[in-house]
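Scroll down for the structure; my scribbles are underneath it.
The values are calculated or read from the model by the stated rules, or taken from the named source; none is laboratory data. Every value quoted in this text rests on a predicted model; they were computed, and no experiment measured them. Here the Cβ is made from the backbone with ideal geometry for all residues, glycine too, and neighbour counts use every protein chain on show.
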Amino acid sequence: MPLTPKNLSLPRRSLLLALLGGVAGCGVPAAYVRPGERAVADLSARQRKLTWANWPLYIDTDDDHPGRRPTLEAFEKRTGISVTYTEEINDNDEFFGKISPALMNHQQTGRDLIVMSDWMCARFVRLGWVQQMDRAKQPNVAEHLDPLLRSPAFDPGRRYTVPWQSGITGIAYNHRKLGREIRSVADLWAGDLKGRVTLLSGLDEAFALLMQGNGVDITRWTAADFDRVCDQVEKYVAGGHIRRFTGNDYTKDLVTGDVLACQAYSGDVIQLRADNPDIRFVVPEEGAELWSDSLMIPDRALHKRNAERLVDHYYEPEVAAELAAWVNYVCPVPAARDVLASAKDKETAALAENALIFPDAEMRKRLVIARDITSRERVGFAKRWNAIVGL
């Protein structure tokens, strides 16, 4: 996930989720859009353009001209399609609240392509707020999408979503200051880490790794598994073991040494290690969550075909490699690894051997996509979790 306030839990989050969760939980289909009502006449053939909303710092830029985006400009030049690119997504819930009134009322959002975290994508898919992509017109996606990412529970076969970038929620720690390695989730609770551990504040970001520490298969976790995690976290909060709950600001505590170990995102740690090689990232022995931020085409988008072509453009291995070299997250196109390995620049070529960009076979065995939290579960789960976190 890009190094922005992406996963800060907002106080209004629970209210927003409760309102929509309550609608779905009661079986009232007011917000749901049926398949036949999602599309409008596609203007792609005569309007060679599209609008794309993404997160800040989540695409390659030219070192000498930061306003230029080489991979995007290459698409525009090759296809003649102009792209209005906006960095307007700073938080999943905030952006959801921004465009949900239009989607709920069968109106256009003004965007042909958006990027959201998969747990939020799950909500869009359930509500019928996104259109199915025509994979026959996306040969690169069909061929090159990482098998680990092809069929999450919320979107079997990836009909409605395509990963933009992926990442791992694991554990980061300062090896030099701690003086030992961390290998498992249980290691977070060692006595010498009391008051020096942080967890992620967002429910969707935190729960899976903690369940894995209990040996839970997170593709089919239960309410009992969730309650067990909450009981454990409450105990560690009461005992002063957990210093605090964080958004992406955990990186500051880790750099200063106020925190020695924490829940963390793989992409952040790659950036931190550039300045401090003592900071390490571990995929615990019990496993870690593999997540994605995924591309979706909202209902009533006016340029669906153009958007599908842009998505497919980023699944060309050469393009995916250029993007991966800049953003440093887990690349959803394994074939991009060979492209980077053949680069003349040694630093670029070295990225092909970075397991946090291209997980090796051993690491891949321990990466799992978690079952998402359903609308029926969300209200009660969010209420309990937010009480623990202090929201």
Only residues in the range 352-365 that are outside the structural domain of residue 326 (by TED's automatic domain parsing) count as the first member; pair them with residues that are part of a loop (DSSP other than H, G, I, E, B) and surrounded by 19 or more Cβ atoms within 10 Å (Cβ to Cβ), Cβ under 6 angstrom, at least 6 apart or cross-chain, and list the lot.
-> 357/331; 363/283
Test result for residue 187, part of a helix (DSSP H, G or I), closer than 19 Å to residue 280 by Cα and touching a residue at least 12 places away in the same chain (Cβ under 8 Å) | yes
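Can you report the number of residues in the range 35-66 which are among the hydrophobic types (A, V, I, L, M, F, W, C), assigned to a loop (DSSP other than H, G, I, E, B) and buried (at least 20 other Cβ atoms within 10 Å of the Cβ)?
Counting residues in the range 35-66 that are among the hydrophobic types (A, V, I, L, M, F, W, C), assigned to a loop (DSSP other than H, G, I, E, B) and buried (at least 20 other Cβ atoms within 10 Å of the Cβ) gives 2.
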For the range 74-91, state whether one or more residues are assigned by TED's automatic domain parsing to the domain that holds residue 316, of a type outside the set (S, T, N, Q), modelled with pLDDT under 95 and within 16 Å of residue 124 (Cα to Cα).
-> yes
Please tell me if residue 114 is part of a strand (DSSP E or B), under 16 Å from the mean Cα position of the chain (by Cα) and modelled with pLDDT of 95 or more.
-> yes
Go through (1) touching a strand residue (DSSP E or B) at 6+ places or on another chain (Cβ under 8 Å); (2) assigned to a helix (DSSP H, G or I) one by one and return the number of the condition residue 198 breaks.
-> (2)
Which residue, of 204, 192, 225, is acidic (Asp, Glu) and either under 24 Å from residue 258 (Cβ atoms) or surrounded by fewer than 16 Cβ atoms within 10 Å (Cβ to Cβ) (or both)?
-> 192
With 250, 265 as the choices, which residue is of a type in the set (Phe, Trp, Tyr) and touching a Cys at 6+ places or on another chain (Cβ under 7 Å)?
-> 250
If you scan the range 96-120, which residues turn out to be farther than 23 Å from residue 72 by Cα and among the hydrophobic types (A, V, I, L, M, F, W, C)?
-> 96, 99, 102, 103, 104, 119, 120
Selected residue [at pLDDT below 95, surrounded by fewer than 18 Cβ atoms within 10 Å (Cβ to Cβ), among the small types (Gly, Ala, Ser) and not assigned by TED's automatic domain parsing to the domain that holds residue 205] from 142, 136 = 136
Exactly one condition in (1) more than 20 Å from residue 155 (Cβ to Cβ); (2) outside any loop (DSSP other than H, G, I, E, B); (3) free of Cβ contacts under 8 Å to residues at least 60 places away in the same chain is not met by residue 75; state its number.
-> (3)
Given (1) within 18 Å of the chain's Cα centre (by Cα); (2) exposed (fewer than 14 other Cβ atoms within 10 Å of the Cβ); (3) in contact (Cβ under 8 Å) with a residue 60 or more places away in the chain, index of the condition residue 161 fails | (2)
Just give me the residues in the range 230-275 being in contact with a strand residue (DSSP E or B) (Cβ under 7 Å, 6 or more places away or on another chain), crowded, with 20+ Cβ neighbours inside 10 Å and hydroxyl-bearing (Ser, Thr, Tyr), in sequence order.
-> 246, 250, 265, 266
Residue 17 meets each of (1) touching a Lys or Arg at 6+ places or on another chain (Cβ under 6 Å); (2) over 26 Å from residue 380 (Cα atoms); (3) at pLDDT below 95 with one exception, condition (2)
For the range 123-167, enumerate the residues that are closer than 21 Å to residue 31 by Cα, assigned to a loop (DSSP other than H, G, I, E, B) and among the basic types (Lys, Arg).
-> 159
Going through the range 326-344 one residue at a time, which ones are in contact with a Phe, Trp or Tyr (Cβ under 9 Å, 6 or more places away or on another chain) and assigned to a helix (DSSP H, G or I)?
-> 327, 336, 337, 340
Subset tally (residues that are touching a Phe, Trp or Tyr at 6+ places or on another chain (Cβ under 9 Å) and either under 15 Å from residue 324 (Cα atoms) or not hydrophobic (A, V, I, L, M, F, W, C) (or both)) for the range 34-69 | 8
Evaluate the range 20-37: report whether one residue or more is of a type in the set (Gly, Ala, Ser), at pLDDT below 50, within 22 Å of the chain's Cα centre (by Cα) and closer than 19 Å to residue 100 by Cβ.
-> yes
Subset of the range 359-379 (residues that are farther than 21 Å from residue 125 by Cα and either of a type outside the set (A, V, I, L, M, F, W, C) or at pLDDT below 95 (or both)) = 359, 360, 362, 364, 365, 366
